[in-house]
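Have a look at the structure below, then the notes.
The values are calculated or read from the model by the stated rules, or taken from the named source; none is laboratory data. Just so you know, these numbers come straight off a predicted model, no measurement behind them. Note that each Cβ is placed from the backbone with ideal geometry, even for glycine, and that neighbours are counted across all protein chains shown. We work out accessible area using only protein heavy atoms, side chains counted, and drop any ligands, DNA or RNA first. Shrake-Rupley method; radii C 1.70, N 1.55, O 1.52, S 1.80 Å.
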Amino acid sequence: MRIVCDRCGVVLGPEHGIYKLEMRLYADLTGSMPLISPEENELSIDELLERLADVDPSLVEEDVHQELSFTLCKRCKERFAANPLCIPLDAN
Ligand SMILES: [Zn+2]
């Protein structure tokens with residue numbers, strides 16, 4: 001089985017470091033649900049279901065929760081670890 005770095009495409013062999021990157025990205029819903037009565041809550045759920053009726057369920061799920069998995073070479077692992085959020089480095 002051929003193992004390839006998902007970032008740079010180099011073919012990885014046993015002589016290379018092979019790194020696995022697992023990422024979980026999810027919506028923090030803390031505080032997003034207001035405290036309302038059960039009757040109002042049921043109405044809100046009905047409204048939400050109506051709004052979501054025509055939306056592809058996989059898109060809704062992706063918006064709330066994603067799990068990503070990558071294989072990286074040593075060089076790409078070090079680049080990722082040094083700046084995981086791709087924050088632009090100050091040019092000065
Ligand atoms: Zn790479």
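Contact list please: Cβ distance under 8 Å, first residue in the range 1-12 and assigned to a loop (DSSP other than H, G, I, E, B), second residue near the ligand (Cβ under 6 Å from one of its atoms) and open to solvent by 90 Å² or more (accessible area, probe 1.4 Å), pairs at least six apart or on different chains.
Between residues of the range 1-12 that are assigned to a loop (DSSP other than H, G, I, E, B) and residues that are near the ligand (Cβ under 6 Å from one of its atoms) and open to solvent by 90 Å² or more (accessible area, probe 1.4 Å), the close pairs are 8/75.
Anything in the range 18-47 that is under 30 Å from residue 73 (Cβ atoms) and surrounded by 12 or more Cβ atoms within 10 Å (Cβ to Cβ)? List them, or say none.
Listed by number, the residues that qualify are 18, 19, 21.
Taking the residues in the range 66-91 that are assigned to a strand (DSSP E or B) and aliphatic (A, V, I, L, M) as candidates, determine which candidate is least open to solvent (accessible area, probe 1.4 Å).
In this case the residue turns out to be 72.
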